[in-house]
Amino acid sequence: DDYSVYRHPELGIEIAREFDHPPTELEKIAFNVEKNDHRGTFYFVQLNENMKRGQNYIGFHGAGGGGSMMSMDAVNKKSFKIANFTDTSGNPSASKVYRAANIILSQKGIDGYFGSGSGVASQEQTNSARGLVKAFREENLPVPAVIRLGGNQEDLAVEILTKYTKNLPAPVEGYKKDDSADFCAGRLRTMVDNNVEHRKKSMTWEKPLAKRPYSFKTLTGSVIFDYTKCESCVSKVCIKVCKPEVLKLNGEYPVLAISGKEAKNGECTECLACELACELEGNKGLYIDLPIPGLEEYRKKHGGEK
């Protein structure tokens, strides 16, 4: 049983996956994300490690086995080749989708990003949308992306994806269950063919540093407020969008409405809504830190995008 591998170190199994090859560095990094977060599923396998721009390789991000296979067929018909297979399904957290997208974009040589799975997924598509948006913004997305978010809350999910990715160097398009995988693959083909300038980055994203920090731990990361910005924020939008209601106001400042232990144990669902709302509708005083152990070192070694 894959989930009992940790009980048997004597077997020497590094990754509890049935690969037909020794695990790559990125596959090891991805598996460490999955094994430490029980929410939903994140499966990542590299199909090619030696790609160059212009060879029609794309990063593939599916959701659900059958829908993902249908979507891979669709992009193959448009003369794309698949650099990786990724599946985030089973109602994953936004933070898990964020990490998956970061790992996909760490592959050198991809020309586009295609997200498409089941068109009737019961998982909350808003979580997928927010995870993708956070990754795309921090990556200052260098390649066109087409994302098909069919299923629960798809209307709001596509609205989030569209609203928060308008100013990126490369275009992002969001679609719903009634938009076929073939149509979406065709849109990516057009975008890749016509968007020759997408490889130029307008800036390099840097993690914000809080001058007067207030922070708390979550299941897999940390939420960090900069009170120098919070005190002059009029909207207090972070409180309004927090559906789990783990935040409250103490005067002018957001604080936990629950104990730190409860937040760390998962009461804060890492939906990322507060960060995105603060960035575009607040005073840019909130950052959610979601580390991916080993990824920065991998990128330095291989000359990745970040």
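The values are calculated or read from the model by the stated rules, or taken from the named source; none is laboratory data. Note that the coordinates shown come from a computational prediction; the quantities given were computed from them, not determined experimentally. All Cβ positions, even for glycine, are placed from backbone atoms using ideal geometry, and neighbour counts span all protein chains on display. Note: accessible area is taken over every heavy atom of the protein model, side chains too, but ligands, DNA and RNA are not part of it. Shrake-Rupley method; radii C 1.70, N 1.55, O 1.52, S 1.80 Å.
Of all residues assigned to region 85-101, at least one qualifies as being basic (Lys, Arg) and either over 25 Å from Tyr3 (Cα atoms) or touching a strand residue (DSSP E or B) at 6+ places or on another chain (Cβ under 6 Å) (or both). The sole residue among Ala145, Ala181, Ala170, Ala157 that is in contact with a helix residue (DSSP H, G or I) (Cβ under 6 Å, 6 or more places away or on another chain) and closer than 26 Å to Gly109 by Cβ is Ala181.
Here are the criteria: (1) among the β-branched types (Val, Ile, Thr); (2) modelled with pLDDT of 95 or more; (3) over 19 Å from Val45 (Cβ atoms). Tell me which single one Val120 does not satisfy. Result: Val120 passes all but (2). Taking the conditions exactly as written (over 23 Å from Pro208 (Cβ atoms), touching a Pro at 6+ places or on another chain (Cβ under 8 Å) and open to solvent by 10 Å² or more (accessible area, probe 1.4 Å)), does Gln123 satisfy them or not? Against the criterion (over 23 Å from Pro208 (Cβ atoms), touching a Pro at 6+ places or on another chain (Cβ under 8 Å) and open to solvent by 10 Å² or more (accessible area, probe 1.4 Å)), Gln123 qualifies. Note on region 136-180: among residues that are of a type in the set (Gly, Ala, Ser) and crowded, with 23+ Cβ neighbours inside 10 Å, the one that is modelled with the lowest pLDDT is Gly150.
If you filter region 212-221 down to residues that are open to solvent by 50 Å² or more (accessible area, probe 1.4 Å) and not hydroxyl-bearing (Ser, Thr, Tyr), you find that the one that is farthest from Glu281 (Cα to Cα) is Leu219.
Given the conditions (1) on the phi > 0 side of the Ramachandran plot; (2) touching a Ser or Thr at 6+ places or on another chain (Cβ under 9 Å), and given that Gly109 satisfies all but one, which numbered condition is not satisfied? Exception for Gly109: condition (2). On inspection, Gly112 qualifies as over 12 Å from the mean Cα position of the chain (by Cα) and at pLDDT 95 or above. Within region 203-236, being farther than 18 Å from Leu247 by Cβ and charged (D, E, K, R) holds for Glu206, Lys207, Lys211. For first residues located in region 56-72 and on the phi > 0 side of the Ramachandran plot, partners that are outside any loop (DSSP other than H, G, I, E, B) and lie 6+ apart or on another chain with Cβ distances below 8 Å form the pairs Asn56/Lys81; Asn56/Val192; Gly64/Asp87; Gly64/Ser89; Gly64/Ala121. Within region 118-143, the set of residues being out of contact with any Phe, Trp or Tyr (no Cβ under 7 Å at 6 or more places or on another chain) and assigned to a loop (DSSP other than H, G, I, E, B) comprises Ser118, Gly119, Val120, Ser122, Gln123, Glu124, Leu141, Pro142.
Counting only helices (runs of 4 or more DSSP H) that sit wholly inside region 1-107, those with at least 3 residues that are under 15 Å from Gly131 (Cα atoms) and within 23 Å of the chain's Cα centre (by Cα) are 94-104.
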